[in-house]
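What follows is one structure encoded as structure tokens, with my remarks underneath.
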Amino acid sequence: MNVPIRMLGIATSIIWVFLIAFIVLAAYSAKDLSVDFGEPEYTVTPNGELDLALPLYVDNRGYYSLKNFYLSTVFTDAEGAEISRSETIVPFIPHGENITILHNISIDPISLLEKDEQYLFNDNDLNVSFTAGLNFAELLPAEISANFTFPWGAPFYNFAVGEPAFEAVDLTHIRASAPMTFENHAMFDLAANIRVELYDSEDSLLSESQTALYVPQYSAYEGDIEFSVSLTASFLSTVESGHFDVYFDMGVAQYGPLVIPYG
């Protein structure tokens with residue numbers, strides 16, 4: 001489960017690798033210019049947005065100033081639709097100064113989840129366009145651009161509902177249970193309500209069940225769905241196969257039905 005975290009770190013580090021190489025090349029004559037980057041920090045806002053703060057440390061110990069430093073990142077989905085655009089501008093970095101620059105990126109996971117079911121159930125790569133520029137010693141303006149991918153982890157990765165098991169409760173009711181499993185590969189904790197409808201081979205609704213769950217980021221979920229089914233004369237002949245209709249409610253985003261056959 002550490003793979004998504006490691007991939008996220010690699011993706012954010014790529015930004016700084018490009019940026020540091022760019023500044024060094026743009027200011028190749030500044031032997032006393034030191035550039036380094038820190039660990040990115042990830043937070044989730046109360047409205048569900050993911051905020052990334054990327055720190056860049058610039059120690060300009062040389063004789064020349066850096067002007068008009070800017071950094072821009074644009075995130076797009078697999079279809080090319082824009083998800084997030086962030087820009088950081090520092091008008092002036094004097095010589096002899098040591099400063100920290102924070103580049104803040106906000107991504108709204110809900111907009112992705114509402115757009116396409118693949119972001120619910122499958123890990124994907126988001127596209128990132130990166131642009132940086134500066135003016136060194138008022139003589140050497142420069143700019144670079146680069147494109148790379150950023151890993152998106154699905155909150156319901158490998159979602160599955162297994163075969164139902166039936167057990168007689170009394171002469172009129174049957175208890176049914178089915179295992180439900182998935183992994184939360186997302187960069188945020190998952191709070192959701194899942195409603196599951198149980199149908200037989202004749203598409204008759206037998207019962208439904210609701211499960212409220214909380215699954216921390218990068219962790220797995222295993223649980224059982226319980227149903228109470230009325231016993232009818234045709235029950236044994238129609239219940240050997242059928243399907244589940246699964247509905248997902250994450251508060252501000254809903255999806256369903258996801259149809260899962262059994263038998």
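Assorted remarks:
- Residue exposure sequence - Ser209, Ser228, Ser234 - by fewest surrounding Cβ within 10 Å: Ser234, Ser228, Ser209
- Rh by Kirkwood over Cα pairs, then Stokes-Einstein D for the range 50-156 at 1.002 mPa s and 20 °C, µm²/s: 137
- Packing-based exposure ordering (other Cβ within 10 Å, fewest first) of Ile260, Ile174: Ile260, Ile174
- Here the range 154-190 and the range 52-129 have alpha carbon centers that stand 39 Å from each other.
- FRET efficiency estimate (nearest 0.05) - Cβ-Cβ, Ile260 to Ala53, R0 45 angstrom: 0.70
- Three-way shape label, the range 157-262, alpha-carbon gyration tensor, a/c 1.5: prolate
- Peptides ranked, highest mean first, by Cβ atoms within 10 Å: ranges 244-251, 192-199: 192-199, 244-251
- Rounded to 0.05, the FRET efficiency of the Glu39 and Ser145 pair, given R0 = 25 Å and the Cβ-Cβ distance, is 0.50.
- Residue order, fewest to most surrounding Cβ atoms within 10 angstrom, among Leu231, Leu206, Leu54: Leu231, Leu206, Leu54
- Dipole axis of the range 145-263 (+1 Lys, Arg; -1 Asp, Glu on Cβ), positive-most option in Phe244, Ser228, Tyr214: Tyr214
- Cleavage-rule hits, GluC sites (Glu not before Pro), the range 37-101, DSSP coil, Cβ neighbours within 10 Å at most 10: Glu79
Every number in this text was worked out from the coordinates using simple rules, so none of it is lab data. None of these values were measured; they are calculated from a predicted model. For neighbour counting, all protein chains shown are included, and Cβ atoms are generated from backbone atoms with ideal geometry for every residue, glycine included.
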